[in-house]
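The structure appears below as structure tokens.
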Amino acid sequence: MTTMPHDYYLKFTDSEVLSDIQAFHNKGNYTLHSAFKHMSYLHSLTPFDLDSLTGKELHLYPDMNLSTPLHRASITHHALMRNESCVTFKKSNIAFSTIEQLISPLLNTHPTSHKRGYPSGGALYPVEVFICSLNESPEHWPFVEKVLHLLPYSRALETVQNTLSSKHLKDSILCPPSTLGTPALALVYVAYWPKTLFKYRYRGYRLALMEGGSMYMLIELQAKALDLRCRLWSGFTDSMLCKSLGLNPALFSPLCVHFIGQGK
């Protein structure tokens, strides 16, 4: 079988494991829609409590003075340090040749090998990447469709059908009110559950989340080298995003969205 249909993995996937993982994963889902904005909330923390809990480190022995200072040179400008997350994007276009460079770390490292630029437990590579233009009339986007699916082994891009407009996609990931501005591009990292679970079962879920983190960190570093800004985003509803990408939400789950563009 030279080109395997994606649902072939279901033949080897335990249906009970798939159901359990989906039920657990969906507990972390949001329902973000303008129709519910006056009757839903994320938490009931006060601004004071939120500030006191955000961005803090965890001391195992806070009253025993067991910490030792690190003596090292500043690594602020080191190549392996990502830029800070972009607060607000300005309207811009990204040349498609730059987009090709941006995603290059996710491709196979050698044309005859399945190994890619990031680790994957059991070489399963269960996270799919969708490259989405957020501009309705981009100057450098050479496709009619606005969404592309990365094929790392083939070193190719598969056009996602019925994505002639980016409106539905933007509605699913940029719910108002938003201060993000206008990112030019979104990379969507999506776990395909049958591919994730057929070999390692429940453990595969953990491996998929780890893999997604490896992928977006590589993109962060590559974006820095290309003078682009990034913002990782989780403010979306899985089912709405799957619908805008034409994916079955019973088998695919978006892990996160990665906005790319130019900062103000």
Rg and Dmax of the stretch 55-154, Cα atoms only, in Å: 20.4, 62
For LEU107, list long-range residues whose amide hydrogen, built 1.01 Å from N in the peptide plane, is under 5 Å from its own amide hydrogen. GLY117
Residue-by-residue Karplus 3J(HN,Hα) for the stretch 88-100, coefficients 6.51, -1.76, 1.60, Hz, glycine and proline x: 9, 8, 9, 5, 7, 10, 10, 4, 5, 4, 6, 4, 4
Per-residue accessible area, 1.4 Å probe, largest first, puts TYR202, TYR61 in the order TYR61, TYR202
Taking the chain as the region of interest, what is the percent of Cα-Cα pairs per 10 angstrom bin, listed from the shortest bin to the one with the maximum distance? 6, 25, 34, 24, 9, 2, 0
Using a cut-off of 14 Å between alpha-carbon atoms, which aspartates and glutamates can reach LYS195, once sequence neighbours fewer than 8 places away in the same chain are excluded? ASP7, ASP14, GLU128, GLU211
What ³J(HN,Hα) values, in whole Hz, does the Karplus curve 6.51 cos²θ - 1.76 cosθ + 1.60 give for the stretch 114-119 when θ = phi - 60°, with x put for Gly and Pro? 7, 6, 10, x, 8, x
Could you identify which residue out of SER166, SER15, SER52 has the top mean-square fluctuation in a GNM of the chain using Cα springs shorter than 10 Å? SER52
Long-range amide H contacts for THR88: which residues qualify at under 5 Å (H placed 1.01 Å from N, peptide plane, sequence gap of 5 or more or a different chain)? LYS264
Along the stretch 120-133, what does the Karplus equation 6.51 cos²θ - 1.76 cosθ + 1.60 (θ = phi - 60°) give for ³J(HN,Hα), rounded to whole Hz, x for Gly and Pro? 9, x, x, 6, 7, 6, x, 9, 9, 10, 10, 9, 10, 7
Between the stretch 113-153 and the stretch 161-182, the alpha-carbon center distance in angstrom: 18 Å
Once the in-chain neighbours fewer than 8 apart are removed, the lysines whose Cα is under 25 Å from LYS224 read LYS90, LYS91, LYS115, LYS146, LYS170, LYS264
Loop trypsin sites (Lys or Arg not before Pro), the stretch 45-106 (other Cβ atoms within 10 Å of the site Cβ: 16 or fewer; DSSP): LYS56, ARG72, ARG82, LYS91
Stretch GLN161-TYR8 to full length: gain in nm at 0.36 nm per residue minus the Cα-Cα span? 53.0 nm
Rounded to the nearest 20 debye, what is the charge dipole size of the chain about its Cα centre when +1 sits on each Lys and Arg Cβ and -1 on each Asp and Glu Cβ? 260 debye
Find which of HIS149, SER239, SER67 sits farthest along the positive direction of the dipole of the chain, computed with +1 on the beta-carbon of Lys and Arg, -1 on that of Asp and Glu, about the Cα centre. HIS149
So for the chain, taking the charge dipole from beta-carbon charges (+1 Lys/Arg, -1 Asp/Glu), which of PHE48, ILE21, PRO254 sits furthest toward the positive end? PRO254
Might you report the magnitude of the Cβ-based charge dipole of the stretch 110-174 about its Cα centre, with Lys and Arg at +1 and Asp and Glu at -1, to the nearest 20 debye? 240 debye
Once you have the Cα-Cα distance between ASN65 and LEU151, take 0.36 nm times their residue separation minus that, and quote the gain in nm to one decimal. 25.8 nm
Averaging sequence separations of C-alpha pairs under 8 Å and six or more residues apart, then dividing by the length of the chain, give the relative contact order as a whole percent. 28 percent
Hits among lysines - C-alpha to C-alpha of LYS27 under 20 Å, sequence gap 8 or more where chains match: LYS37, LYS243
Based solely on its DSSP helices, what 222 nm [θ] is calculated for the chain when runs of n ≥ 4 H residues each add -39,500 (n - 2.57) and the sum is averaged over all residues, nearest 500 deg cm²/dmol? -8000 deg cm²/dmol
Cα convex hull of the stretch 130-232, projected area averaged across orientations, nm²: 8.2 nm²
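The values are calculated or read from the model by the stated rules, or taken from the named source; none is laboratory data. Quick caveat, the model's predicted, so the values are computed rather than measured. Because the Cβ atoms are built from the backbone with ideal geometry, glycine has one as well, and the counts that use them run over all protein chains shown. All accessible areas refer to the heavy atoms of the entire protein, side chains included, with ligands and DNA or RNA removed. Shrake-Rupley method; radii C 1.70, N 1.55, O 1.52, S 1.80 Å.
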